[in-house]
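Only the coordinates and a few stated rules stand behind these numbers; no lab work does. In this text the structure is predicted, and so the values were computed from the model without any measurement. So basically every Cβ, Gly included, is an ideal-geometry build from the backbone, and we count neighbours across all protein chains shown.
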Amino acid sequence: MDCLFCKIINGEIPSKTIYEDDLVKVFLDINPNSNGHSLIVPKKHLRDFRELDDELLLHIHKLINKLYPIYKEKLHCEGLTICNNTELGQEVKHFHVHLIPRYPNDEIKMLSNKDILLDLDEIQSKLS
Ligand code: AMP
C-alpha cells in the first residue's frame with residue numbers, strides 16, 4: 001500500500017522515533033507546532049478513527065499518560081493538546097494521534113471562519 005506512515009513504520013522512510021512497541025510507533029512530526037510535537041501511529045494500517053478498536057484505544061490512552069510526564073520533565077511543557085483529524089483535515093490517511101506539548105506564550109490557536117457558524121440553538125436542535 002502506498003502509505004507514508006506505513007513506510008515510516010516499516011523503516012522505508014526515516015523518522016525521529018521516540019517510542020515503539022508491538023502496536024504503535026511514536027515519532028516527531030516533521031513540521032512541528034511546538035517542541036516535542038509527536039505522532040502516535042498504529043503499526044496496523046487503519047484509515048481513521050472509525051477503524052480503531054478498544055484494545056488500541058486503551059493502549060494509546062495509557063501511552064499518552066506515560067509520555068506526558070516525560071514531556072513535562074524533559075521539555076518543560078505545561079500542557080498537552082491531544083488531537084486527531086478524520087476525513088476533511090486529515091492529510092495522512094493512516095490513523096494517528098497528535099501530541100502537541102504546550103508552553104506559555106506558544107500562541108497555538110485553532111483558527112476558524114466565524115462567518116459560517118450557525119446559531120447554537122440551531123446546532124443543538126440538529127444534534128440532540
Ligand atoms: P494530519 O493532517 O492530521 O493527517 O497530520 C499529518 C501530520 O503528519 C502533519 O502534521 C505533518 O507535518 C506530518 N508529517 C507528514 N510527513 C511526515 C514525515 N515524513 N515524518 C513525520 N511527520 C510527517
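Among the residues making up the range 13-68, those that are under 18 Å from Cys3 (Cα atoms), in a strand (DSSP E or B) and touching a residue at least 24 places away in the same chain (Cβ under 8 Å) are Val24, Val26, Leu39, Ile40, Val41, Pro42. Against the definition (out of contact with any Ser or Thr (no Cβ under 8 Å at 6 or more places or on another chain), part of a helix (DSSP H, G or I) and not polar (S, T, N, Q)), how does Glu87 come out, yes or no? No; evaluated as a whole, the condition is false for this residue.
Summed over the range 32-54, the residues that are more than 8 Å from the ligand (Cβ to nearest atom), under 30 Å from Pro104 (Cα atoms) and in contact with a Pro (Cβ under 9 Å, 6 or more places away or on another chain) give a count of 4.
Before we move on, is Cys3 touching a residue at least 60 places away in the same chain (Cβ under 8 Å) and of a type in the set (A, V, I, L, M, F, W, C)? Taking the combined requirement at face value, the residue satisfies it. Entry remark, the range 63-86: residues being under 15 Å from Pro32 (Cα atoms) and more than 14 Å from the chain's Cα centre (by Cα) number 3 in total.
Scanning the range 18-31 for residues that are within 12 Å of the ligand (Cβ to nearest atom) and surrounded by 14 or more Cβ atoms within 10 Å (Cβ to Cβ), which turns out farthest from Glu107 (Cα to Cα)? Applying the filter and picking the extreme gives Lys25. Are any residues in the range 84-97 more than 6 Å from the ligand (Cβ to nearest atom) and either in contact with a strand residue (DSSP E or B) (Cβ under 9 Å, 6 or more places away or on another chain) or under 20 Å from Tyr68 (Cα atoms) (or both), and if so, which ones? Once the filter is applied, which keeps residues that are more than 6 Å from the ligand (Cβ to nearest atom) and either in contact with a strand residue (DSSP E or B) (Cβ under 9 Å, 6 or more places away or on another chain) or under 20 Å from Tyr68 (Cα atoms) (or both), the range 84-97 yields Asn84, His94, Phe95, His96, Val97.
Let's see how each residue does on (1) part of a helix (DSSP H, G or I); (2) of a type in the set (D, E, K, R); (3) surrounded by 11 or more Cβ atoms within 10 Å (Cβ to Cβ):
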{"site": "Leu80", "(1), (2), (3)": "no, no, yes"}
{"site": "Lys93", "(1), (2), (3)": "no, yes, yes"}
{"site": "Asn105", "(1), (2), (3)": "no, no, no"}
{"site": "Ile108", "(1), (2), (3)": "no, no, yes"}
{"site": "Glu122", "(1), (2), (3)": "yes, yes, no"}
{"site": "Ser125", "(1), (2), (3)": "yes, no, no"}
